[in-house]
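The values are calculated or read from the model by the stated rules, or taken from the named source; none is laboratory data. These numbers were taken from a predicted model, which means no experiment stands behind them. Heads up, the Cβs are rebuilt from the backbone with ideal geometry, glycines too, and the neighbour counts pull from every protein chain shown.
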Amino acid sequence: MMNRRSFLRIGGLGILGSALDPSRVSGQVPDARSPVSVTSGPDRRENLLRALELMKREILAAARGRRILLKPNMVNYDDSWGGNPVLSSTHVEQVEIVVDWFRHLGFRDIAIAESTPNGMTLDGFETLGYTNLARRYPVVLKDLNQEGYQVLDINGNSPNVRISRLMLDKRYYRVSLAKLKTHNNAVATFSGKNVIMGSPVIDVKNFMNQGGRSDKGRMHGRTNQDLHDNLFLLAYHGVRPDLAVIDGFEGMEGEGPIWGTGVSSRVAVVSTDWLACDRVCCELIGLEKQLQQLGLTPELPAYLQYCSQAGMGAFSLEQIQLRGDPLDGLCRQYQLHTEVAGMIGMDPSAPIFRTSPAQVNSSYAVQPPLRI
C-alpha cells in the first residue's frame, strides 16, 4: 500500500509512464488508476495547457461528438458583499485558455454557463470580462437559471430541487472551471461542488422578494449535515463534472468562499475523474494536516467521502495515478475557515447506506446571504 509520502514523491513519474505507455508494446494490463495531472510554474497559461495536454487522450475519448459546457465559479462578481471578487471567482484567463485549447482540438460548439447566487449572471459575465471573451471567441454565454429546468426529487432534506436542464443534458461535456478555495460550509470547494451547487436554479432577480425561490438555498437545509447529504444526492443523480480543470495559480484561504485571502500556489490540476482531482486538491491545500494542527479530527469533506462510497471515482491515494510534477514542494497548508469545527463530524456513511438517522455533532447552521 502506498502511503502519502510515497504518493507525493513518485507522482512525477506519471508523465514518463504515460508517455511510454508500456502496455501498448508489452501486452501488460493498462494502469487502472485514475489519472490526475498536476503542473506548476510561474505562468498560469503554461500550467493549464500542460495539465490539459497530459490528459488529452482521456478528454478526447470522452468529449468527442459532444458539446462543450464550461462551468466557471462566480460566487461574488462585484463588491456588493465585500471581499475580493476577482480572487473568489474563476479568472477570465482560465476560461480563455480552456476555450482556446478545445478550439484547437476542433471543438466548435462551446458554451460558458453559470448561475450566480444573486441571480445576476449576465451582469457577472460583464463585470469579470467574460462578455469581452465572447466577443473575441465564437462561444455562447448562458444563464443556467434561464435555460429551463427539471425537477429532481433527490429524497434528501430538500426534495423537488429544480436543476438546470443544461446540466442534465448528456449532449454536453461538463467542464468544471474551479479553483483552490476554502469554504464556509463545506470546508473546501473544488470541481465537484462548483458543478453541483451551480445546477439548482433560482428565480432570476426575484428570489429574495416575496414569492421568489432559491433552490441553492434549499440545498443548504438547516445544518451542514443537510448540505453534505444534498451535495452527495445530487451527484448520485448524475449532477457532476465530466472534466475537472482547477486553477490553483492563486488560491483562497481563510474566510472562503468570498472573504478569504490569496495564496500563491502556482499550480493547475486536471482530471476526467473529478473525485480524484478533488482528492489531490485536498493534498495541495494540506487539509488533513491543517485539521490536525487545529486539534480537529482530520476528516476530508463528508460529501466527497460519500461520493467515494458510492463509487463515483477514485478517492484513496492508492487509486490515483499522478502525471506531471510531483506534489512534493507544491503542497501548502491553507488556513481554514474560522467555523471549520462545525463542518466536520458528519455522519460517516452516505445517505443511501445509512440504517439510522444522521447524527449531527454541531449546531452550526448556514446563515443568509451565503447560500452559495
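Checked against (1) under 19 Å from MET167 (Cα atoms); (2) without any contact (Cβ under 8 Å) to a residue 12 or more places away in the chain, ILE110 passes all but a single condition, namely (2). A search for C-beta distances below 7 Å between a residue of region 313-324 that is acidic (Asp, Glu) and any residue that is assigned to a loop (DSSP other than H, G, I, E, B) and surrounded by 21 or more Cβ atoms within 10 Å (Cβ to Cβ), counting only pairs 6+ apart in sequence or on different chains, returns nothing. Identify the residue in region 39-64 that is more than 30 Å from THR127 (Cα to Cα) and in contact with a Lys or Arg (Cβ under 9 Å, 6 or more places away or on another chain) and, among all such residues, is surrounded by the fewest Cβ atoms within 10 Å (Cβ to Cβ). Looking at the filtered set, the residue picked out is MET55. Scanning region 83-98 for residues that are among the polar types (S, T, N, Q) and part of a helix (DSSP H, G or I), we see that the one that is surrounded by the fewest Cβ atoms within 10 Å (Cβ to Cβ) is SER88.
Filter region 37-95 down to residues that are of a type in the set (Asp, Glu) and either at pLDDT below 95 or under 16 Å from the mean Cα position of the chain (by Cα) (or both), then give me how many there are. Steps first, answer last, please.
Step one: list which residues in region 37-95 are of a type in the set (Asp, Glu), which gives 43, 46, 53, 58, 78-79, 93.
Now drop any that are not either at pLDDT below 95 or under 16 Å from the mean Cα position of the chain (by Cα) (or both), which leaves 78-79.
Number satisfying all stated conditions: 2.
GLY342 passes every criterion in (1) assigned to a loop (DSSP other than H, G, I, E, B); (2) closer than 17 Å to ASN184 by Cβ apart from (1).
Scanning region 246-269 for residues being part of a loop (DSSP other than H, G, I, E, B), touching a strand residue (DSSP E or B) at 6+ places or on another chain (Cβ under 8 Å) and over 9 Å from LEU87 (Cβ atoms) gives a total of 7.
Condition (residue is at pLDDT 95 or above, assigned to a loop (DSSP other than H, G, I, E, B) and surrounded by fewer than 22 Cβ atoms within 10 Å (Cβ to Cβ)) applied to region 221-236: is it met by at least one residue? The answer is no, given that none of the residues of region 221-236 is at pLDDT 95 or above, assigned to a loop (DSSP other than H, G, I, E, B) and surrounded by fewer than 22 Cβ atoms within 10 Å (Cβ to Cβ).
Pick from LEU152, LEU144: which is buried (at least 24 other Cβ atoms within 10 Å of the Cβ) and closer than 16 Å to ASP215 by Cβ? Walk me through how you get there before you give the answer.
Working: LEU152 fails: buried (at least 24 other Cβ atoms within 10 Å of the Cβ).
Checking each option against the conditions leaves just LEU144.
Is at least one residue of region 317-326 modelled with pLDDT under 95 and of a type in the set (A, V, I, L, M)? Looking for residues that are modelled with pLDDT under 95 and of a type in the set (A, V, I, L, M), one finds at least one in region 317-326, hence yes.
The rows are residues; the columns are (1) over 30 Å from VAL38 (Cβ atoms); (2) over 20 Å from the mean Cα position of the chain (by Cα); (3) at pLDDT 95 or above.
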position: ARG279; (1), (2), (3): no, no, yes
position: GLU283; (1), (2), (3): no, no, yes
position: TYR334; (1), (2), (3): no, no, yes
position: GLY342; (1), (2), (3): yes, yes, no
position: PRO368; (1), (2), (3): yes, yes, no
position: ARG371; (1), (2), (3): yes, no, no
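Restricting PRO35, PRO42 to those that are part of a loop (DSSP other than H, G, I, E, B) and either in contact with a Phe, Trp or Tyr (Cβ under 7 Å, 6 or more places away or on another chain) or farther than 23 Å from ALA134 by Cα (or both) reduces the list to PRO42.
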